[in-house]
Every structure is written in C-alpha cells, then in structure tokens.
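One structure is given here, and the rest of the page talks about it.
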Amino acid sequence: MTGLLTRITEQPPEVLDAIANSMNVRASEPAMKAICARYMARIALSEGARVLEIGCGNPSSAFIDMAGKAFAGEPRVSFATGDATATGQADGCFDLVIAHTVYSHLVEPERALAEAHRVLRPGGQLAIFDGDFATLTVALFDGDPLQVVAGMVLRNLVHAPYVMRRLPALVAAAGFSVQSVEPHGYVQTSSPDYLLTLLSRGTHAAVQAGEISEELVGGFNQEARRRVASGTFYGAILFLSITARKDG
C-alpha cells in the first residue's frame, strides 16, 4: 500500500487540515527545532545563494496556498506545485537542494536524487532529513496493543519507512560525495503533541483503508491520552540527516 501522502490530491479538506496541523505541531516543538538547527548548521551558504526546497509541502494547491500566506511579504521566496523527479528547473542553477521529511514519501527516490544532482551547480550541496520510520515505537512492553497503531501509521502514512537506511548508498550512486550521516533521537513523553496527532491520523487512515472500524479509533486514542495523563506515555522515532556535495 502506498502512503497517504502519495495520494494527497485525492484527500478531502479535513484530511489536508489534519496533515497541516500535525506538521505545524512537529515543526514548532523545541525538540524538533533543536534537531533542525543541528543539521542545518552543516549547510554552508554564501550571500545570494539559490536554494530549492523539494517538498516544502505536498503537491496540493491547498498547501501551496498555506505556504504562500505564511511567507507573504517575503519577495525572495516563491512556491509552486511540482515533482521531485522533474522540477522543471534549469541545469546547475542552485547552490543547495534540501528535502525535509520528503524521501520517506517518495515512490522513486533514485529519480529524485538524479533530479537534485541535475539542478545543482558543481560543488552544490544536498541536504536530506527524514525519519527512519521503521523505528517508530510507542510500546511499553512486548505485545503492547498501542504499538498496533504505529503499524497503521507505517502502512497508511509512510510509503518508504526504511528508505533512510538505503539513502547514503543511493546518494553516492547518484554522483554525490556524502559528507555526513547523522542520527537524531526524537523522544516524547509528558507532552507528546506531535505523536498523538500522528497516531490519530494513523487510525483514521486505517479506517479509510478498511483495516479497522471507526469504533476502535476512540479506544486507541483514549488509551494514548490515558498514558499521557498518568505519566506513562513513551514514543520515539530515529531521524537521520544526510549532507552531500555534487562533485565537479
């Protein structure tokens, strides 16, 4: 089954709103801000550098509108619906290509890497950040029923949960020199706002896919929130960042 984000244009407004809210929650959290600052510190840009962000939102006009409103009044930034494997940009015209939590949702990562290589100037930098989503866990013990929801998330929301384990080799095969591969542990306990939204989206996507009934959703959500209230919730994902340069 492909991830929901590969079928984003088919989704109703309420699903788009839930995705946008979940991503905004994650981006605003101090832990994620610290992780982003850490990996972005490896990116070296000169004044006037040209940057292409692949997947700053999903290929949806609704998300493009949201992004445009968020950066209204910033003339140096523009947004357009596009394709990671065929951006329509000229050869060698960017100093940096960045993809933040994108590759786990791509059907053809090799083609996306080839396109990034094409649009970068010689010596240009590639930066990729994503979750090793196969590590997603909320289990407190062997056989924990709440871990079933993590499986729903992977089946229905993430197309390639293991891709970050393959990506260093794929990046090198695409003609880049890999500079760094860095792990970033992400753990939520007392205020797991992002993971709660992720688990909720996973259960609703499972209903939409016909895996479970709507009646089960309330039970899973109630158990997750009970653990938060009792101080026993635990959730974790390993994120990875990769930086590389185009030879030449």
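The values are calculated or read from the model by the stated rules, or taken from the named source; none is laboratory data. Remember, it's a predicted structure, so these values are computed and weren't measured experimentally. In this analysis, Cβ positions are derived from the backbone assuming ideal geometry, glycine residues included, and neighbour counts consider all displayed protein chains.
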Quick one: in region 87-141, which of the residues that are among the charged types (D, E, K, R) and more than 18 Å from L170 (Cα to Cα) is surrounded by the fewest Cβ atoms within 10 Å (Cβ to Cβ)?
D91
Pairs, please: C-beta under 6 Å, at least 6 apart or cross-chain, first residue within 17 Å of D91 (Cβ to Cβ) and touching a residue at least 24 places away in the same chain (Cβ under 8 Å) and in region 40-52, second among the aromatic types (F, W, Y) and assigned to a strand (DSSP E or B)?
R50/F94; L52/F94
G143 fails exactly one of (1) in contact with a Phe, Trp or Tyr (Cβ under 9 Å, 6 or more places away or on another chain); (2) on the phi > 0 side of the Ramachandran plot, namely (1)
Any idea how many residues of region 200-248 are over 25 Å from P168 (Cβ atoms), modelled with pLDDT of 95 or more, crowded, with 20+ Cβ neighbours inside 10 Å and not small (G, A, S)?
3
Looking only at region 230-248, count how many residues are free of Cβ contacts under 8 Å to residues at least 60 places away in the same chain and part of a loop (DSSP other than H, G, I, E, B).
1
Helices (runs of 4 or more DSSP H) fully within region 1-96 counting 3 or more residues that are under 30 Å from Q188 (Cα atoms) and modelled with pLDDT under 70
13-28
Pairs returned, first residue in region 89-100 that is at positive phi, second residue that is surrounded by fewer than 18 Cβ atoms within 10 Å (Cβ to Cβ) and basic (K, R), beta-carbon separation under 7 angstrom, 6 or more apart or interchain, are G92/R121
